[in-house]
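Read the structure below first, then the notes.
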Amino acid sequence: MATMPAGARAYVACAVLAALACLAVPPAARTPWWIVALLAALYAGCERITLPRGSGGVAPRGAGPPRGPDTFRTFLPVLLAGAFLLPPSAAALVALPGALLARVEQRPRGPRRIWRAARLTVAVWAASLVHRALDGPDAVAGPRFPYALVPAGAAVLAFCLVLTLLDGGILALAERVPVRAAWRGLLSRSLAPVAVHGLAGLMMAVLWRSPYGPVSALLVLLPMYVSCWVFAQYHRERAAHQATIRALVQAVDIKDGYTRGHSERVGQASMMIARELGMDDERAEVLRFAGILHDVGKLGVPTRLLRKDGPLTPDERRIIELHPEYGHEMVRGIGFLGEARSAILHHHERLDGSGYPYGLVGGQIPEFARVVAVADAFDAMTSTRSYRRARPVPAALAELERCAGAQFDPGMVHALVRALDRHGWNPAVTAGEDRAAPPVPGPPDPRPADSAGRRVP
C-alpha cells in the first residue's frame, strides 16, 4: 500500500469502511445463517476453481489495487442468488470469504484482496437492498413470474452501478486515468454479462425456495461453471497473445535502442484515434496491436542502419524500406492479428501515392494503416532521439495537419487532435528511455522521414 498514491489509499480505506458498515447493519428479518454459510463456502470454492491464473486484476503502475472491473472473472450467480435470498448484510457476508481467499498472483496481494472484498461486499449489499425494496423475496418464494424479473433486474443494475462507481474511482486515483475517461464504458461492458449471471442467480433462488430445495438449486451452477471454464480458456489464450506481442516488441527494442518505447506509444496513440473514430472494442484492440507491432520488420534490417546517427544513403534507405514487408511476413501466420497485418505492411504508404512498399493511393490504403501512419509520425516527432530533440506536441500536430491530404489521412489527423484535446498526451515510458531533454521547437523539415523520424535524402 505504501507505493500507492495517497488519494488511492484513502479511497480504498473508504471502500473498506463502507463494506464494514454494510456488514454491521443488523438484518431486519430473521437470518437463515446456514444459507449464508453454505453460499459463502460455495462461492469461495467456485472462486478457487474458476478464476484463471493471473486474473486478479492488473495493478496500476506503482502496484496498487486492481485496475478496472473484474466482473467477468468473478463467479457471480452465487453472489446474486445470495442477494435474492438473504437480507442485505447477510448477503454481503457471502462475498467476503471468497474475495479474501481468491488466488492473487500479482503483488501486492494483500491490498488486492482487500479491495476486491470491499467492492464486492458493497455491491452485493446494494443489490440485496434494491431487491427487497421491490418485494423481490416474495416474488421469488411465490414464484411470481414474470414480475420476479423486475426486482432481479433492478438488483443487477444496482450491482453494476456500484462496481462502476468504485472501479472508475480507483482508475482515476491509482491509475491516474483522466476523470472524464475513468468511468467511460465500464457500465456498458459489465451490464450484459452480469445480467446473464443474474438470471442464473434468480433461477438458483427460485429452485432454492421450491419443494426441490437447495440441491436442485446447485445444479444450476454446472452450466455456469462450464461457461466460466470457457472464459478461462479465452483468458489464457489472450494472455498468450499478449506474451507473443511483448516478445516481438522487446526484440525490436533491443535491436533498435534509439527508439525504445516507440512501439508502445504508437499503440497508445492508435488506440486514442480508434476511440475518436468510434471503433468497437475488438477492432480498437487489434488496432493497438498493429501500432505496437508496426516496426517488427526491423528485426530483418541490419543493426548498423538502425543505429546510424547521420543521414541515410539512397541504398541504405531502400534497405530500411523493406521493413514493412519483413514485418508482414513475420506475422502472416498469427491469426489473432487480423487487420493488424495490413497496417504493418502499409503504414508507410502516402495518400498521394509516393509511399512504400506498393505506392497505394488514397482509399486503397487500409484504414488501420492510415491510423498507424499518423500515430507513428506523431510519436517520432515528439520523442527525443540521440540525433535530435523532441518537438512539442503542438508543433508535431501542426506538421501533421500541414501534411494532411498528401501524406496523411485528414480524418485520422483530426481524430488524433481531438483525442489529445480531450485527454492530453501522457505516454508510458519504457524503462531506460531517455526523455529528460526538454523539447525544442523548430521549423518543420520538408524532407521525408523514416519510421524513427530520421531525415533521409
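Key figures for this structure:
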quantity	calculated
Cα Rg, Dmax (largest Cα-Cα span) when computed across the stretch 271-336, Å	15.2, 42
With all protein chains modelled, accessible area of W34 [1.4 Å, Å²]	150 Å²
With every protein chain in place, the stretch 248-368: carbon and sulfur % of accessible area (1.4 Å)	52 percent
Added length on full extension, which subtracts the Cα-Cα distance from 0.36 nm per residue, D138 to Y358	72.3 nm
Residue-level accessible surface for H346, protein heavy atoms, 1.4 Å, Å²	20 Å²
Whole-number Å³ per residue for the convex hull built on Cα positions in the stretch 214-317	140 Å³
Solvent exposure ordering (accessible area, 1.4 Å, most first) of I35, I254	I254, I35
Where I114, I170, I334, I319 fall by accessible area, highest first, once all protein chains stay in place (1.4 Å)	I114, I319, I334, I170
Under-5 Å amide H pairs with Q407, H placed in peptide plane, nonlocal only	L351
Two-decimal Rg/Rh across the stretch 127-236, once Rg and the Kirkwood Rh are taken from alpha-carbon atoms	1.07
Where only alpha carbons of the stretch 316-416 are counted, the Rg and the Dmax (Å)	14.0, 39
In order through the stretch 330-341: 3J(HN,Hα) via Karplus (6.51 cos²θ - 1.76 cosθ + 1.60), integer Hz, x for Gly, Pro	5, 9, 4, x, 8, x, 5, 6, x, 5, 4, 5
Förster radius 51 Å - calculated FRET efficiency between I319 and H414, Cβ distance, rounded to 0.05	0.90
Cut-off 18 Å, label 7 Å out along Cα→Cβ of A192, residues of the stretch 204-227 by amide N	227
Three principal axis lengths of the stretch 269-385 [C-alpha, angstrom, descending]	42, 32, 27
Share of carbon and sulfur in the accessible heavy-atom surface of the stretch 91-162 [1.4 Å probe, %]	68 percent
Coordinate range along principal axes, alpha carbons of the stretch 227-273, Å, largest first	46, 26, 8
Rounded accessible area per residue of the stretch 351-405, 1.4 Å, Å²	37 Å²
Rounded accessible area per residue of the stretch 292-337, 1.4 Å, Å²	47 Å²
Solvent exposure ordering (accessible area, 1.4 Å, most first) of Y43, Y234	Y234, Y43
Debye, to nearest 20: dipole size of the stretch 335-393, +1 on Lys, Arg Cβ, -1 on Asp, Glu Cβ	360 debye
Two-decimal ratio, the stretch 104-169, of alpha-carbon radius of gyration to 2.2 N^0.38 Å	1.40
Surface/4 of the Cα convex hull for the stretch 329-371, nm²	2.8 nm²
V361 accessible area, 1.4 Å probe, all protein chains in place, Å² to nearest 10	70 Å²
Residue-normalised accessible area of the stretch 131-186, given per residue in Å² at a 1.4 Å probe	46 Å²
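The values are calculated or read from the model by the stated rules, or taken from the named source; none is laboratory data. All figures in this text were calculated on a predicted structure; none of them were measured in a lab. All Cβ positions, glycine included, derive from the backbone under ideal geometry; neighbour counts span all protein chains shown. Surface areas here come from the heavy atoms of the whole protein model, side chains and all, with no ligands, DNA or RNA. Shrake-Rupley method; radii C 1.70, N 1.55, O 1.52, S 1.80 Å.
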